[in-house]
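Where a number appears in this text, it was derived from the coordinates with a stated rule and is not lab data. Predicted model, so just to flag it, every value in this text is computed and none were measured. When we count neighbours, we look across all protein chains shown, and the Cβ atoms used for this are built from the backbone with ideal geometry, even at glycine.
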């Protein structure tokens, strides 16, 4: 089990979520008939952005932990 590869998968997944959320928010209210904005779509877009941000933060924290583990192993072996 490679902690860094798990963290990288999390970063990639967060990027996909971020892209989808930004596309959703960018297209909100772009109806051709000039109808009002759907606030439910806006709210779900904001929740998706927050979720992507949290996943990115957790993944970067995992990278930091992997680095600390590797440093500890090197110190033990030296």
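The slack between residue 61 and residue 42, meaning 0.36 nm per residue of separation minus the straight C-alpha distance, is 4.0 nm. The label-point distance for residue 72 and residue 54, in a model that sets each label 7 Å from Cα toward Cβ, rounds to 2.6 nm.
Given a Förster distance of 35 Å, report the FRET efficiency between residue 5 and residue 27 from their Cβ-Cβ distance, rounded to the nearest 0.05. Efficiency, from the Cβ-Cβ distance: 0.55.
Sorting 2, 41, 19 from the fewest to the most surrounding beta carbons within 10 angstrom yields 2, 19, 41.
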